[in-house]
Structures are given as C-alpha cells and as structure tokens.
Amino acid sequence: MRLGAPGALALAALAGVAHTAAFAPLDLPWLQVLAVVALVALVQTATPAQAFARGWAFGTAWLTSGLWWLYISLHDFGGLPSPLAAVAVLLLSLALSLYLALALAAWARWRSRRPLADALGFAGLWLLAELARAQFLTGFPWIASGYAHADGLLAMLAPWGGVYAMGALAALLAALVVLGQGSEARLNRLLAVALLGGLYLLPQQFTEPAGELTVSLLQPAVPQDLKFDPARINDNMQALQRQLHAARGALVVTPESVLPVPRDLLDEGYWAGLTAPFRQPGRAALVGTFIGNERDGYVNAMVGVQAGSGPDYEYGKRHLLPFGEYIPPGFRWFVELMRIPLGDQASGHNSAAFAVAGQRVRPLICYEDLFGEDFADAVVGPQAATVLVNASNLAWFGRWMVQDQHLQFSRLRALEFQRPLVRATNTGATAVIDHRGVVTHRLPAWQEGTLDASVQGRRGDTPYARWLARAGLWPLWVLALALFGAMAPAVRRR
C-alpha cells in the first residue's frame, strides 16, 4: 500500500483501534481478521523500518484502546496525577507493542515474495509476538488476538490449540487474503476457505458429565474507594456475613480479597461466625482473604471451609500482577507513588483442587485464568478438576469494557479445557460459563446480589490440555519458528 509515512501510521493506528473493537463487549470476530488484513496491506511492500513503525502504531493503538481502564486504577485509586497515569498506560502499551513491531520488521526483512510462504511466515511471526507478550517478564497477554474468536468458527480450534493458535490462524487467514496476485491470490484465498472448512472436521467432544454442583456466587458490589476505608470496613464485613449466610448453594464463592483484613488478624469470633454454616455436612465455601504474616508476606488466597476436623483448604494466588501485587526490580519508587493496599504480596503454592460434593473445584484468582499453561496440569488425569472457579475484583478498573473482556477470556478457558467456569466478582461480571464457553447465568454489574445456579462438572482431557500440561507453550514456539522458516530460502539467498 503506497502511502506517505504519516498517512500509513494513522491508518495503522486506526486498524489497531478497530482490532480492539472486535473484542467484548462488541464481540465482532470478523472485525479482528479485517483489522489484520489492513495491517498486512500496510506492510506488504514496506521496508523493515516502515513495517516496524506501522506495527508499533497498530499495536500501541490496539493496546491503549484495550487497556485504557488501567488509568482508573492508577489515578482514581492509586493516586497518580492524571498526566502521569495517562503516560504510564501509554508507555505500557508502547512497550508491549514492541513485540509486534519487531515481528513485522523481521517479516519485511526476510519475506520471500512467494505469497504462500510469506503468509505462513506472517502467521509464525504474529504467533511469536503473542507468545513473547504472554510469557516474557511474567507475561501480560490481556486482549490477545485469539480471544476475539470466543464466538465463531475459529472457536473450534480452542480444544486443540488454544487461544494463541486461534490468533495465529486468524493472522494466516488475513495474510492469505492480501498476499499474491492473479492466480496466486486465488489459490491463497481457496486455501483460506479450505482451512476454515477443515475446522468442521475436527472432533469437538472430549469431556463427559461428572455430576451436578449447586453454587451461590456472591457479588457484594462494594465500591473500591470504600473497600479499605477504616470507617466502613466493619459495616462491609457484617454485610458480607449476612450475604454469605443467606446463600443456599452447596458451594458458596466470594470474590477475591472480600475480607480486606488478613485472616490471621481477624477477630476469632468473626471468622468462626462467618464460616459456621459451612462446618455442617453438605455445605462448603470459598472465601477470599489474605493469608500469611508480616515476616513471610501476605498471600491473596481463597480459603475453603467445610465439615471435618482437618485444616481449612487454602489456595494462594501464584501469578501475581506487576505493580499491583508485586514490585518489579527497580520500580519500588513508582509503586510507592500509588496508594494500593498490600501492593507487595507473596506468591502462593498450592495447586490442588478443593473437593466439594463429589466435584473437584480448582480456584483461580483474578487474571490467573489468562494463563492456562499455569494450571493445565489441574485439568488432566483421573484426579483432574471438574469445575473451575474464578474469584476477581475488577472494581479497581471502573465500569466499562474490562468486565466484558475478562468474561470473554474466561469463556476461552472453558472452551480450551471443556470445563465449566464460574466467576464470583465484587462488581461484575459474576457469571456461570458452561463447558462450551456459553454464559448460562449472569448478574447485572455493579449491583449487590447472589447468583444461584446448578453447574455440570466435566471429566476428560482435551488435546490442548494434554499437550499443554506436558510441554507448556513450547510446542507453539516450535510451530511459530517452523512457520517463520517457510521464508527460509529468502534468507539463504541473502
């Protein structure tokens, strides 16, 4: 595409914003592919430097428009001045977009001028960029491209290759649409149609019913600015006890950190009273609190209580959020500018499931459900979890977009592992997702309530779960390099 530099950068940025629009809450999977089509057209004849700049513009616009709500947590609740909070979001987007910019520069440098090989190479480099963002420096894969296809034809790939393979296939389809001339273009587009048709041939059923579990998912709807207010903590904790005691499910789940005071610092009488109904046979609860101590650090945890004389079940969050839950080296000065309680936490270790009413329940806290590779071992084998539970508090990030995005990502985990996933959140989206990735129940956001539902547990392993549990994301790294290698003859000539 022949454009002046400013015009090309502007179009790349516009395509990046359109890419974000493809995700929830609009849910337009076709727009995700169309946005990448525009990107391929913009870099088709670009120099490496031009491709780098246009990829950087696309990625920065994509991530800034998809992560703008971080400004709310940094400014409204973290206390950063408005300009500094806005710059922080922009710098994060610029940094995370470097992966895509470098990938496109490499594609421009080594493209072979053979349309099919270049399309495969584009998909491989797109996949490399997404894997790098997902894993380097603890990873931040929010709004990865495959999530836009939680609905639609590409979702059939979820139990086989997962979200990153879905994104790579979308990138391949976009490249096949653009690259080539005359008969080459027609062959590429026929291949794109054949790939889509081939998805229908993939088997889709890998799990089977494992019984029913009634759940009550609590949504206290406590505004974030009141959650840690010393004048309101007691009232909030009493309201929580009333809501918890009124719930009727065999398993009652609260949001994460619903108790703003670490469990060991609670009045013993309060904890005993809060959990008393769940010490009876047939009842259980997962309560969000902090465990640990000042010396060893506090852990964001879900504590499981039920009848029995043994210790309570404890699951501690393992994948911590940079800046909000742990301080990256060299950034203490930045975190100290913000007023985030318990902003430097310890990591949890337990990965066992919580046995409840014949089901094995695996908790996930906040954005841990973006990292399927971290808990794939929990959904394979004879003792695999039959139900996944996410406990979150998205009140940090305002009312718009973030709740729908996170729900979309949870739906992808349900599709990949063919497990139901239930979500208990402070302000939304509190919901029940079945093993097909379908939202069957949901509470209105920002309203106090309890969502009661019956959930069908599932047993069995998807192909994606099996290879992810054994090898992590390494097979996708190998696939990405192999696709990039399709352009290898051009490398040898140079």
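The values are calculated or read from the model by the stated rules, or taken from the named source; none is laboratory data. What you are looking at is a predicted structure, and each value in this text was computed from that prediction instead of being measured. Here the Cβ is made from the backbone with ideal geometry for all residues, glycine too, and neighbour counts use every protein chain on show. Ligands, DNA and RNA are stripped out before the accessible areas are found, and what is left, the full protein with its side chains, is counted by its heavy atoms. Shrake-Rupley method; radii C 1.70, N 1.55, O 1.52, S 1.80 Å.
Some observations on this one:
- Taking the conditions (1) surrounded by 20 or more Cβ atoms within 10 Å (Cβ to Cβ); (2) modelled with pLDDT of 95 or more; (3) not small (G, A, S) in turn, K227 satisfies each one other than (2).
- A239 small (G, A, S) and open to solvent by less than 30 Å² (accessible area, probe 1.4 Å): no
- Here Q383 passes the criteria (1) open to solvent by less than 10 Å² (accessible area, probe 1.4 Å); (2) over 30 Å from A175 (Cα atoms) except the one numbered (1).
- A488 passes every criterion in (1) open to solvent by 40 Å² or more (accessible area, probe 1.4 Å); (2) touching a Ser or Thr at 6+ places or on another chain (Cβ under 9 Å) apart from (1).
- Residues of segment 14-27 that are surrounded by fewer than 17 Cβ atoms within 10 Å (Cβ to Cβ) and not in a helix (DSSP H, G or I): P25, L26, D27.
- Any hit, segment 68-79, residues being modelled with pLDDT of 95 or more and crowded, with 17+ Cβ neighbours inside 10 Å: yes
- Residues that are touching a residue at least 40 places away in the same chain (Cβ under 8 Å) and either open to solvent by less than 10 Å² (accessible area, probe 1.4 Å) or more than 23 Å from Q359 (Cβ to Cβ) (or both), drawn from segment 432-444: V432, G437
- Criterion violated by A285 - all others in (1) of a type in the set (G, A, S); (2) out of contact with any Gly (no Cβ under 8 Å at 6 or more places or on another chain); (3) modelled with pLDDT of 95 or more satisfied: (2)
- Only listed residue being modelled with pLDDT under 95, in a loop (DSSP other than H, G, I, E, B) and surrounded by fewer than 17 Cβ atoms within 10 Å (Cβ to Cβ), chosen from G269, G324, G330: G330
- Considering residues of segment 130-183 that are in a helix (DSSP H, G or I) and of a type in the set (F, W, Y) only, the residue most open to solvent (accessible area, probe 1.4 Å): F136
- Residue among Q408, Q447 that is in a loop (DSSP other than H, G, I, E, B) and in contact (Cβ under 8 Å) with a residue 12 or more places away in the chain: Q447
- Among (1) modelled with pLDDT of 95 or more; (2) open to solvent by less than 50 Å² (accessible area, probe 1.4 Å), the one test that L98 misses: (2)
- Scan of segment 112-129 for residues that are buried (at least 24 other Cβ atoms within 10 Å of the Cβ) and either free of Cβ contacts under 8 Å to residues at least 24 places away in the same chain or small (G, A, S) (or both), ordered by number: A119, G121, A123, G124, A129
- Of the listed requirements (1) open to solvent by less than 30 Å² (accessible area, probe 1.4 Å); (2) out of contact with any Ser or Thr (no Cβ under 6 Å at 6 or more places or on another chain), R109 misses just one: (1).
- For L415: the one exception among (1) open to solvent by less than 10 Å² (accessible area, probe 1.4 Å); (2) more than 16 Å from C366 (Cβ to Cβ); (3) not hydroxyl-bearing (S, T, Y): (1)
- Candidate set from segment 80-95 (those that are assigned to a helix (DSSP H, G or I) and not small (G, A, S)); member that is least open to solvent (accessible area, probe 1.4 Å): V89
- Scanning segment 291-318 for residues that are in a loop (DSSP other than H, G, I, E, B) and open to solvent by 30 Å² or more (accessible area, probe 1.4 Å) returns E294, R295, D296, A307, G308, S309, G310, P311, D312, R318.
- Members of segment 287-306 found to be within 31 Å of the chain's Cα centre (by Cα) and farther than 21 Å from Q224 by Cα, listed by number: G292, N293, E294, D296, G297, V303, G304, V305, Q306
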